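Only one structure is covered here, and it is reproduced in the block below.
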Amino acid sequence: MSPAESHFISSRPLSYFERSWLVSRGIHGTTDALPLITLGCSPATPIADNDVVLAWSVLRLRHPILTSRISPQGSLPELISTSARTASQAIEQAGARIEFSIFDDRDQAIEALRMQWEGPNPTRVVDIHQDMHVIWQKDATGSLGHYVFGMQTVHYQLDARRRLDVMHQFAELLSAPWVAQEELDAHFSLVLKTSLRIPMSIESNFPGLVVDADDPEQRRGQEVYERLMGGAAVPPCGLRYDGPVDAHDIAVRTMRHVFPQSTTAHIMRACRAQNVTVTRLYQAAWILAAIEVGREQFGDADESRNGLPVHDGSYHFSFALPLDLVQYTKTQPIAAPNDLDVSLKIVWSPSLISIPHSLSVGQDADVLLWDVARRAKAGHAALTQSPFFWPVIARFQAFVESVLIDQSPETALPFMPLLSSIGDVSNVLPSRIIARPGRNSHGGSSNPKDIRVTDMYIFVKVPAICGLSHVWTFDGRMTVQLIHNGRSVSPALGDKYFGRVVDILARIGQA
């Protein structure tokens with residue numbers, strides 16, 4: 001590569017984590033995500049398609065991870081990103097990756113996108129050899145000022161909160177197109193003074209994730225991990241399968257519930273009063289739902305059918321939850337990212353919770369709920385404060401990878417969904433977009449468009465075995481959802497489990 005080319009091309013080998021995600025996503029794109037936001041803008045100041053292309057072109061220059069793709073050449077796959085060499089080329093390349101369309105009914109359009117994403121249509125499986133594909137839709141007449149923006153993403157590029165950060169930046173640029181134009185012009189006035197660089201891998205930023213069997217400290221960490229995961233070897237409790245398990249027979253179902261602001265506020269206050277987070281309450285709600293529905297549907301004694309085997313007098317539940325390494329460890333990456341670094345900082349963390357069978361019988365439901373939430377909190381604190389945090393986390397990634405890859409019927413044991421608690425996203429995706437006034441392309445003054453983010457959605461491809469549940473708060477409203485394979489867990493049973501979780505949270509929100 002010549003020195004001139006190095007300004008426009010950046011590549012590096014895929015890290016172990018990235019290769020693991022690549023393997024686990026398989027041919028169906030398991031864990032690939034389609035985040036969507038709905039936007040509102042005054043019909044008097046519509047968002048032009050040209051401004052959409054301009055905004056996306058700037059973000060592609062701002063974040064090389066958005067133009068990254070997998071290069072199949074060589075013995076090990078590489079992550080490679082190629083930057084535009086001129087402003088006109090940047091506009092052209094960005095426009096080629098945007099799928100424009102119109103709709104008559106926005107809710108119906110979102111439902112159509114969900115069905116396409118979750119269905120077997122191979123055109124909605126992300127092509128990892130191409131840079132990111134995005135979706136832009138608007139109402140057919142323009143009289144409503146309604147829009148939909150979505151990004152087709154693979155998990156090793158961006159995690160949930162950082163996807164929303166990118167979407168927020170996109171909406172800001174739409175609000176003030178002159179800012180986008182200024183940044184585009186500035187980039188190409190300095191293009192030969194800076195080199196394109198793909199963000200470092202998560203292992204490079206957090207070396208503790210690298211497993212070294214020869215390191216004495218890591219060998220002790222291995223022993224701690226084996227003791228911890230010994231709980232995962234006992235018969236697990238959770239949601240049960242009532243249908244056939246076939247890795248190639250997947251009918252994705254998404255169930256979603258949005259609590260009103262008043263109910264959400266009550267839930268938040270209850271969590272503060274009990275000194276637990278919403279994440280731990282949500283975990284506890286899933287455990288109670290599994291116990292209650294399992295007993296109601298199949299009886300307390302029939303452990304082979306109710307998904308509630310008792311081991312040493314207790315129920316044992318095993319969760320995998322995403323953990324933000326920056327947020328939870330307060331450890332800054334080696335190459336401390338600036339505000340524009342949106343690359344992956346998320347790993348899976350284990351949460352194993354044991355509930356004495358005797359405690360679950362005859363106990364007031366709310367007393368049991370908060371007891372379980374506190375057990376979850378204590379377990380999480382023990383993990384994050386452990387001197388062996390890094391060895392445990394490093395080894396747990398391989399465990400989750402094996403679950404996602406091994407989709408054989410023999411592994412279809414009772415399970416708890418992978419639980420993604422995104423938190424209150426208002427600080428990364430505000431409902432009202434604020435941009436600075438500036439000058440338009442004709443030299444006159446311009447005021448930013450008044451753009452509102454009215455809602456957000458997350459659609460994910462899930463494997464035949466296991467499921468995924470989200471919880472987040474946006475604009476003061478808490479959203480919970482369950483995504484699972486409707487073949488292996490029937491719609492009727494999936495609805496019962498998820499409906500019970502919603503009922504439990506609603507009860508807390510009305511107390």
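The values are calculated or read from the model by the stated rules, or taken from the named source; none is laboratory data. In this text the structure is predicted, and so the values were computed from the model without any measurement. When we count neighbours, we look across all protein chains shown, and the Cβ atoms used for this are built from the backbone with ideal geometry, even at glycine. These area figures cover heavy atoms from the full protein model, side chains too; ligands, DNA and RNA do not enter into them. Shrake-Rupley method; radii C 1.70, N 1.55, O 1.52, S 1.80 Å.
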Worksheet item: For the subset of region 45-69 comprising residues that are outside any loop (DSSP other than H, G, I, E, B) and touching a Ser or Thr at 6+ places or on another chain (Cβ under 9 Å), which member is surrounded by the fewest Cβ atoms within 10 Å (Cβ to Cβ)?
Response: Arg69
Response to the item:
Pairs returned, first residue in region 312-323 that is over 13 Å from Pro414 (Cβ atoms) and touching a residue at least 60 places away in the same chain (Cβ under 8 Å), second residue that is part of a strand (DSSP E or B) and open to solvent by 10 Å² or more (accessible area, probe 1.4 Å), beta-carbon separation under 6 angstrom, 6 or more apart or interchain, are Ala320/Trp348; Ala320/Leu418; Leu321/Ser351; Pro322/Ile346; Pro322/Ser420
Worksheet item: Taking region 1-43, which residues are aliphatic (A, V, I, L, M) and at pLDDT 90 or above?
Response: Ala33, Leu34, Leu36, Ile37, Leu39
Fill in: Output for region 74-119, where each listed residue is more than 22 Å from Ile9 (Cβ to Cβ) and without any contact (Cβ under 8 Å) to a residue 24 or more places away in the chain
Asp105, Asp107, Gln108, Glu111, Ala112, Met115, Gln116
Worksheet entry | Criterion (over 25 Å from the mean Cα position of the chain (by Cα) and modelled with pLDDT of 95 or more) met by exactly one of Ala284, Ala273 | Ala273
Fill in: Residue check for Ile80: of a type in the set (Val, Ile, Thr), assigned to a strand (DSSP E or B) and either open to solvent by 20 Å² or more (accessible area, probe 1.4 Å) or under 28 Å from Thr473 (Cα atoms) (or both)
yes
Discussion item. Looking at Gln169, Gln152 in this structure, which one is outside any loop (DSSP other than H, G, I, E, B), of a type outside the set (Lys, Arg), open to solvent by less than 40 Å² (accessible area, probe 1.4 Å) and in contact with a His (Cβ under 6 Å, 6 or more places away or on another chain)?
Written reply: Gln152
